[in-house]
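The values are calculated or read from the model by the stated rules, or taken from the named source; none is laboratory data. The structure displayed is predicted, hence computed values, not measured ones. Cβ coordinates were reconstructed from backbone atoms using ideal geometry, including for glycine residues, and neighbour counts include every protein chain displayed. Accessible surface areas use protein heavy atoms only, side chains included; no ligands, DNA or RNA. Shrake-Rupley method; radii C 1.70, N 1.55, O 1.52, S 1.80 Å.
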Amino acid sequence: MVVSDTESFIGALRAQSQSYHSRHPFHVKMNEGRLNRRQIQGWVANRFYYQKNIPRKDAAILSNCPDREVRRRWIQRILDHDGTAEGEGGIEAWLCLGEAVGLTREEVWDERHVVPGVRFAVDAYVNFARTRPWVEAVASSLTELFAPDLMAERLRAFERLYTWIDPDGLAYFRARLTQAPRDSEHALEVVIEHCRTPDEQARAVAALSFKNDVLWSMLDAIERAYSSSTREEDA
Ligand code: AHQ
């Protein structure tokens with residue numbers, strides 16, 4: 001069996017950072033403080049659909065994963081988002097972010113602002129996790145290798161440039177600063193361990209590329225729906 005060297009495999013995975021959504025014009029504008037209130041609200045309301053589906057994506061991976069050791073660590077992701085009691089977890093924190101940007105919990109929760117392109121991209125990600133080999137679904141989560149820098153930049157931007165947003169609403173991003181590196185370290189271990197042949201490694205890189213497309217197309221849809229040419233008031 002031909003085994004590619006691990007370093008070149010990790011290099012190929014990390015090269016996917018070139019297509020990460022931190023480079024999307026909408027995120028660039030956001031981090032430069034150039035989005036208006038309605039665009040921030042639209043992004044928060046649409047990204048909520050991604051957040052509320054992450055636990056189902058991770059549960060799909062758990063259901064396909066035969067490795068008890070992997071499942072023991074992977075299940076923490078579900079607890080991070082769902083919490084273990086009312087008022088806890090990332091989904092709750094995102095609802096607080098919604099209120100901090102001037103939305104009601106109800107209008108975030110009921111998905112009234114979610115645009116078709118966001119729904120389709122998120123549903124494609126959940127279905128990917130349900131239908132692809134579990135290691136490929138793990139590989140698709142490796143966009144989080146690139147997330148900490150983006151979270152830190154976003155936090156700085158929100159704290160300094162969007163002073164109308166209640167800083168308490170930013171708790172979600174602060175939590176990701178530690179959760180994302182922990183999660184991506186585990187996911188990388190799993191992918192290196194289970195992707196030994198050139199074909200397996202190519203499929204892991206393709207899975208990560210697919211996930212970059214999921215994140216990128218979400219922002220395409222949000223940017224178009226909330227382009228500053230449309231009216232201010234219909235947030
Ligand atoms: O808030 C994010 C999150 O909970 C996750 C889970 C992880 C996955 O399993 O795919 N990816 C992810 C991401 C989150 N936030 C995004 C952001 O820009 O705020 C980044 C995204 C990711 O890098 O995949």
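A few points about this structure:
- Every residue from the range 20-52 that is among the polar types (S, T, N, Q), part of a helix (DSSP H, G or I) and touching an Asp or Glu at 6+ places or on another chain (Cβ under 8 Å): SER22, ASN31
- Flag if ARG119 is more than 14 Å from the ligand (Cβ to nearest atom), under 14 Å from the mean Cα position of the chain (by Cα) and open to solvent by 30 Å² or more (accessible area, probe 1.4 Å): yes
- Exactly one residue out of GLU92, GLU136, GLU88 is of a type outside the set (Ser, Thr, Tyr) and assigned to a loop (DSSP other than H, G, I, E, B), and it is GLU88.
- Looking across SER228, SER217, one residue alone is within 15 Å of the ligand (Cβ to nearest atom) and not charged (D, E, K, R). It is SER217.
- Note on the range 85-94: among residues that are of a type outside the set (Val, Ile, Thr) and near the ligand (Cβ under 10 Å from one of its atoms), the one that is nearest to ASP110 (Cα to Cα) is TRP94.
- One residue stands out among those in the range 146-172 that are without any contact (Cβ under 8 Å) to a residue 60 or more places away in the chain and open to solvent by less than 10 Å² (accessible area, probe 1.4 Å): the one that is farthest from the ligand (Cβ to nearest atom), which is PHE158.
- Leading residue by the ranking (nearest to PHE146 (Cα to Cα)) among those in the range 14-40 that are open to solvent by less than 30 Å² (accessible area, probe 1.4 Å) and within 13 Å of the ligand (Cβ to nearest atom): TYR20
- Subset of the range 61-84 (residues that are within 11 Å of the ligand (Cβ to nearest atom) and either open to solvent by 10 Å² or more (accessible area, probe 1.4 Å) or within 20 Å of ASP123 (Cα to Cα) (or both)): ILE61, ARG77, ILE78, ASP80, HIS81
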